[in-house]
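Some notes on the structure that comes next.
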Amino acid sequence: MSPAVSDGLAAADRAETRSRSAGARGAGQDRRRAELDRLWARGRAFLGTDCAIMGGAMTWVSERNLVAAISNAGGFGVIASGSMSPDLLSREIAATAALTNRPFGVNLITMHPQLLELIDVCIEHRVGHVVLAGGIPTIAAIQRIRAGGSRVLCFAPALVLAKKLVRMGADAIVIEGSEAGGHIGPVSTAVLAQEVLPHLTEVPVFVAGGIGRGEAILSYLEMGAAGVQLGTRFVCAHESVAHAQFKRAFIRASARDAVASVQLDARFPVIPVRALANPATDRFREIQRQVIDRFNRGELSQKDAQLEIEHFWAGALRRAVIDGDVEAGSLMAGQSVGLVTREQSTAEILAELVDQALMAIAGRDQRFTSAFAGSAEGQGAGG
Ligand SMILES: Cc1cc2nc3c(=O)[nH]c(=O)nc-3n(C[C@H](O)[C@H](O)[C@H](O)COP(=O)(O)O)c2cc1C
């Protein structure tokens, strides 16, 4: 055989080995994707999406652009209706639908004085999924949404409430731990997930709070979650309309900067909100101190004192998100803010999360294979 032919055959062998290993790699990737799709199949079917990743509604941030971008990239965008009027919400839904033909949802706050009208707006627009947030909803609200043909997702802060909400008609439950940005409950995501996931199988359960990477998504799916909901991670998406200063504060912050609001006196309850500490956080503590002193001196009634405390944050989220006032505004953010390191497109964020989940499956397979090889070797040596 001529050296040229032998070289040629060796090259062909190498190419075949390469293509076989590329084929094996491809097959491995397909298998891992199939595994992930199996794990979040229930969530995907419920949402009608490629990925069972919901973009949690964030007032002022989750408007048409971000919501459509999340849905277009294969996730599930949710419009934050906040304190919108029915007319405004109607326009926002129409504008979002003009930007995407994928499914998206609407988040309604249960204590909104026009909740029933807002529900009707969602039904008129044939919104497939309505998320009821901000307290335990009434059966009337849940049933009205269902009668209109939409599915209802409710937040549950504990297993017993989750079960109650399912009995009331909720089609899915979101459990959100205290690592999350915005209004929070007292229990961490890890503990809530252990409390709820093994015992609530009747409906899909989505886990929220503190999720910033795909490995965490995989772990909650393996515990039985149908999918996940992330908010903080999407704030710095290119498509997010949040002010550049607001985004900069997120990129600079570490997990420990996202702190829960402090209540100084049990007589004056403060609804806990997780946000980046800033001068407004210190000012809030100071205002509480002054108001409590005035109450103690008899200069204020309890009701007026409570109102003054509550009034402090009015409009503060808008000031930060839209006006970029990061000193006096509210920088609502979850602890996963430490994992936000740059502005990215929404599609890139979702692809990164999915890749991380797939890599975690690959890592697990590899650990299993080496452990198995190790134990086979050990047995061989013993025999
Ligand atoms: C800036 C900001 C605003 C939010 N506003 C709302 C809201 O209006 N309604 C709601 O149900 N949740 C709201 N949330 C919570 C998110 O929908 C989501 O559940 C939460 O961010 C998930 O936790 P994570 O921040 O750790 O990802 C907000 C969160 C942030 C960071």
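Brief remarks follow.
- Number of positions in region 190-208 that are hydrophobic (A, V, I, L, M, F, W, C) and touching a residue at least 60 places away in the same chain (Cβ under 8 Å): 2
- Residue within region 25-45 that is surrounded by 14 or more Cβ atoms within 10 Å (Cβ to Cβ), modelled with pLDDT under 85 and either more than 16 Å from the ligand (Cβ to nearest atom) or not assigned by TED's automatic domain parsing to the domain that holds Gln229 (or both) present: yes
- Selected residue (criterion: surrounded by the fewest Cβ atoms within 10 Å (Cβ to Cβ)) from residues of region 308-322 that are small (Gly, Ala, Ser) and touching a helix residue (DSSP H, G or I) at 6+ places or on another chain (Cβ under 8 Å): Ala316
- Residue tally, condition surrounded by 16 or more Cβ atoms within 10 Å (Cβ to Cβ) and either within 13 Å of the ligand (Cβ to nearest atom) or of a type in the set (A, V, I, L, M, F, W, C) (or both), over region 323-344: 13
- The helices (runs of 4 or more DSSP H) found wholly in region 46-153 include none carrying at least 2 residues that are touching a Leu at 6+ places or on another chain (Cβ under 6 Å) and on the phi > 0 side of the Ramachandran plot.
- The lone exception for Arg146 - which of (1) free of Cβ contacts under 8 Å to residues at least 40 places away in the same chain; (2) touching a His at 6+ places or on another chain (Cβ under 6 Å) it fails: (2)
- Arg213 being among the basic types (Lys, Arg), more than 15 Å from the ligand (Cβ to nearest atom) and in contact with a helix residue (DSSP H, G or I) (Cβ under 9 Å, 6 or more places away or on another chain): no
- So Val187, is it free of Cβ contacts under 8 Å to residues at least 12 places away in the same chain and either surrounded by fewer than 16 Cβ atoms within 10 Å (Cβ to Cβ) or part of a loop (DSSP other than H, G, I, E, B) (or both): no
- Residue match in region 284-299 (condition: part of a loop (DSSP other than H, G, I, E, B) and either modelled with pLDDT under 95 or within 17 Å of Lys247 (Cβ to Cβ) (or both)): no
- Among the residues of region 46-57, those identified as within 16 Å of the ligand (Cβ to nearest atom) and either more than 22 Å from Gly210 (Cα to Cα) or aliphatic (A, V, I, L, M) (or both) are Leu47, Ala52, Ile53, Met54, Ala57.
- Cβ-Cβ under 8 Å pairs, at least 6 apart or on other chains, region 209-230 side over 14 Å from Thr189 (Cβ atoms), far side acidic (Asp, Glu): Gly214/Glu352; Gly214/Asp355
- Among the residues of region 91-104, just one is over 20 Å from Ser345 (Cβ atoms) and either in contact with a Cys (Cβ under 9 Å, 6 or more places away or on another chain) or β-branched (Val, Ile, Thr) (or both), namely Ile93.
The values are calculated or read from the model by the stated rules, or taken from the named source; none is laboratory data. Predicted, not measured: the structure shown is a model, and the values here were computed from it. A quick note on method: Cβ atoms are made from the backbone with ideal geometry, for glycine too, and the neighbour counts reach across all protein chains shown.
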